[in-house]
1. Can you find a residue in the range 67-82 that is over 18 Å from GLY125 (Cβ atoms) and touching a helix residue (DSSP H, G or I) at 6+ places or on another chain (Cβ under 8 Å)?
2. Please work out which residue is farthest from LEU124 (Cα to Cα), limiting yourself to the range 25-52 and to residues that are free of Cβ contacts under 8 Å to residues at least 12 places away in the same chain and either part of a strand (DSSP E or B) or open to solvent by 80 Å² or more (accessible area, probe 1.4 Å) (or both).
3. Can you tell me which residue within the range 61-107, out of those that are at pLDDT below 95 and assigned to a helix (DSSP H, G or I), is nearest to LYS8 (Cα to Cα)?
4. Out of curiosity, is TYR55 surrounded by fewer than 18 Cβ atoms within 10 Å (Cβ to Cβ) and touching a residue at least 24 places away in the same chain (Cβ under 8 Å)?
5. Restricting to the range 103-129, name every residue that is buried (at least 16 other Cβ atoms within 10 Å of the Cβ) and among the acidic types (Asp, Glu).
6. So, of the residues in the range 1-24 that are assigned to a loop (DSSP other than H, G, I, E, B), aliphatic (A, V, I, L, M) and in contact with a helix residue (DSSP H, G or I) (Cβ under 8 Å, 6 or more places away or on another chain), which turns out to be surrounded by the most Cβ atoms within 10 Å (Cβ to Cβ)?
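The values are calculated or read from the model by the stated rules, or taken from the named source; none is laboratory data. All of these numbers come straight from a predicted model, not from anything done at the bench. Quick reminder, even Gly has a Cβ in these numbers, built from the backbone with ideal geometry, and neighbours come from all protein chains shown. Areas reflect the complete protein model, heavy atoms only, side chains present, ligands, DNA and RNA absent. Shrake-Rupley method; radii C 1.70, N 1.55, O 1.52, S 1.80 Å.
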Amino acid sequence: MIRVYVKKHGNFAVNTPKVKKRLREYFIKGGIVSNADVSLSFVGEKKMIDLSHKYLKENNVVHNVLSFPFIEDTNTFVEPPDNIIHLGEIIICYPKVVEEAKKQGMLIDDRVIELTEHGAAHLLGEHHE
């Protein structure tokens, strides 16, 4: 079973059950068949700027999505003692999602899912070139 933990740092209108379902499906399609968990957080622009500064050393940058794998070095993977694969955390900047969805003529939920899957791809080891 893949558990998706969602945390909202504001009153963001997110279809949480739909996003959780799609994220589980994405990980299963990506080969995760064991017990696993992932955290998904929805934050505002200030929090995303703080995270960008703290972890990426960027000033005043509002990313739409950031992902942080639980284990960075896959060459030294050690089986977790609880037999759960901790995939990591995906952080979505909800105001940025709303802005992008409007510009692209998309539903907000569709943009949330698109970015959530993008973050999930990074947790599975896919990266930009």
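1. First pass over the range 67-82, keeping only residues over 18 Å from GLY125 (Cβ atoms): 81-82.
Now drop any that are not touching a helix residue (DSSP H, G or I) at 6+ places or on another chain (Cβ under 8 Å), which leaves none.
No, there is no match, as no residue in the range 67-82 is over 18 Å from GLY125 (Cβ atoms) and touching a helix residue (DSSP H, G or I) at 6+ places or on another chain (Cβ under 8 Å).
2. Here the answer is LYS46.
3. THR74
4. Working: surrounded by fewer than 18 Cβ atoms within 10 Å (Cβ to Cβ): yes; touching a residue at least 24 places away in the same chain (Cβ under 8 Å): no.
It is false that TYR55 is surrounded by fewer than 18 Cβ atoms within 10 Å (Cβ to Cβ) and touching a residue at least 24 places away in the same chain (Cβ under 8 Å).
5. Hits for the range 103-129 are ASP109, GLU114, GLU117.
6. Residues of the range 1-24 assigned to a loop (DSSP other than H, G, I, E, B): 1, 9-15.
From what's left, aliphatic (A, V, I, L, M): 1, 13-14.
Narrowing the set further to residues that are in contact with a helix residue (DSSP H, G or I) (Cβ under 8 Å, 6 or more places away or on another chain) leaves 13-14.
Working: ALA13: 12, VAL14: 18.
Among residues in the range 1-24 that are assigned to a loop (DSSP other than H, G, I, E, B), aliphatic (A, V, I, L, M) and in contact with a helix residue (DSSP H, G or I) (Cβ under 8 Å, 6 or more places away or on another chain), the one surrounded by the most Cβ atoms within 10 Å (Cβ to Cβ) is VAL14.
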